[in-house]
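Student: Would you mind keeping the following structure in view while I ask a few things?
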Amino acid sequence: MKSRLLKPMPTWQKNMYLLWVGVFLAGVGLSMVTPFLSLYIGTLGTFTKSQLSFYSSLAFSGSYFVMAIVSPLWGRLADTKGRKKMIIRAGLGMSIVFFLMGLVNNVWQLIALRVLQGALGGFASNSNALVASETPAEQSGYSMGIMMTGMTSGTLLGPLFGGLLADTIGFRVTFILTGSLLMLATLLVIFGVHEVFKPAEHVKPLSRSAAFDKLAHPKMMWGFFLTTMLVMVANQSINPILALFVQELNHNGQNTAFWAGIVAAVPGIATLLFAPTLGRLGDHYGTARMISLGFLFASLVFLPMSLVQTISQLIMLRFLIGVSDATMLPAIQSLITKEAPHEIVSRMFAYNQSFQSLGSVFGPLLGALTAHYFDYRGVFVVSAVLMVLNGLWFWYNTRTMRESDAGHAA
């Protein structure tokens, strides 16, 4: 019994726990600035309402745009040079970038640093890849579940901490604190994580056309990617103006950043709470049907957001949006898993991630354009319309799947 207790922890398990802490710290740090980024931009010059929305959208979407381009390049380099090196590169680079964000003198410096942040990203994805590559096959589901909780919980807590800190110690110090968290996560990897690196074998990968030829319904798979992108467009269109809208509802009162943090965090909390239950309902009643109901529910929630008069009303409706998100994005990933053969499932997830990043680019730009012509409240109406159109498209795109399911049932 004593010898069993003293048995050393396997390297893969030690790496998993250390990287869990790392991605948790990175998740907290990266999401801390979300609630007040547009408010920070407002301190960097004298801008009109439409200019502030435009600059905020550039700051939000710039990092995602570059991330969508460079992520495959960093992934290929990780396969040849090692994933630990890529984690350290991302952590050190982003920590320096966040330090510099706290020192900027104008909005263009901030936007340039946000773009650089996107170019240097990859801390969480490479941490997941390192754990996945070294975990025994029979423990892979367990380890990936553990890693997912680290990033998710960090991303949920970040906006709350960020909003509170911005109101108490100021925007600039919060950026520096974010950089410090990323540096701490990086030092943890440097001194604690041990990678047994095996370079990828030089096997010619399948071409894109050859990979999609393996799918039973390739057009439907492209439809899943488009659905993911449009969901992100609707959700992300609100991000650049969210803090500004909270400020308006707060009548320029105190603790705006704190309330913006709560408003930013509640959808993620709802998704975390309801995703498992809704996933089981999808397995029982049909995943495609649950997603379609999610689109209908989201459109019905977005519309009254344009009419809210208090922050508490906005928080309640944002929580309901999180419930609708729990019926959509995880379920789309489940459908991709079911439709893609094992040997190309990672490729399909990579395409889905790229479309998700594109949605995070186009969403803020659409939000800024809508806010310019129809004010902040118009953004919620446009998001509702997008959800209706996306729901109709998804129902049309999955008709083959529903017909096939009906045939099996018969």
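Where a number appears in this text, it was derived from the coordinates with a stated rule and is not lab data. A quick note: this is a predicted structure, and the numbers were derived from the prediction, not measured. As a convention, Cβ positions derive from the backbone with ideal geometry for all residues, glycine included, and neighbour counts pool all protein chains shown.
Student: Normalising by the residue count of the range 8-196, find the relative contact order in percent from Cα pairs under 8 Å and 6+ residues apart.
Tutor: Relative contact order here is 46 percent.
Student: Sticking with this structure for a sec: Evaluate 2.2 N^0.38 Å with N set to the residue count of the chain, then give the Cα radius of gyration divided by it.
Tutor: Normalised Rg, Cα atoms only: 1.00.
Student: Could you work out the relative contact order of the chain, using alpha carbon pairs under 8 angstrom and six or more residues apart, expressed as a whole percent?
Tutor: 26
Student: Which helices count as membrane-span-like in the chain under these terms: full DSSP H, at least 18 Å along the axis by C-alpha, Kyte-Doolittle mean of 1.6 or more?
Tutor: Counting only whole DSSP H runs, the qualifying helices are 171-192, 287-305.
Student: Restricting things to alpha carbons, tell me how big the range 207-410 is in terms of Rg and Dmax, in Å.
Tutor: When restricted to Cα atoms, the range 207-410 yields Rg and Dmax of 18.1, 62 Å.
Student: Computed FRET efficiency, Cβ-Cβ of T277 and L44, R0 51 Å: what is it to the nearest 0.05?
Tutor: E(calc), rounded to 0.05, equals 0.70.
Student: The range 8-196: Rg/Rh from Cα coordinates, Kirkwood Rh?
Tutor: Rounded to two decimals, Rg/Rh equals 1.01.
Student: Pick from L39, L273, L110: which residue has the top mean-square fluctuation in a GNM of the chain where Cα pairs under 10 Å get a spring?
Tutor: Among L39, L273, L110, the largest mean-square fluctuation in the Gaussian network model of the chain belongs to L273.
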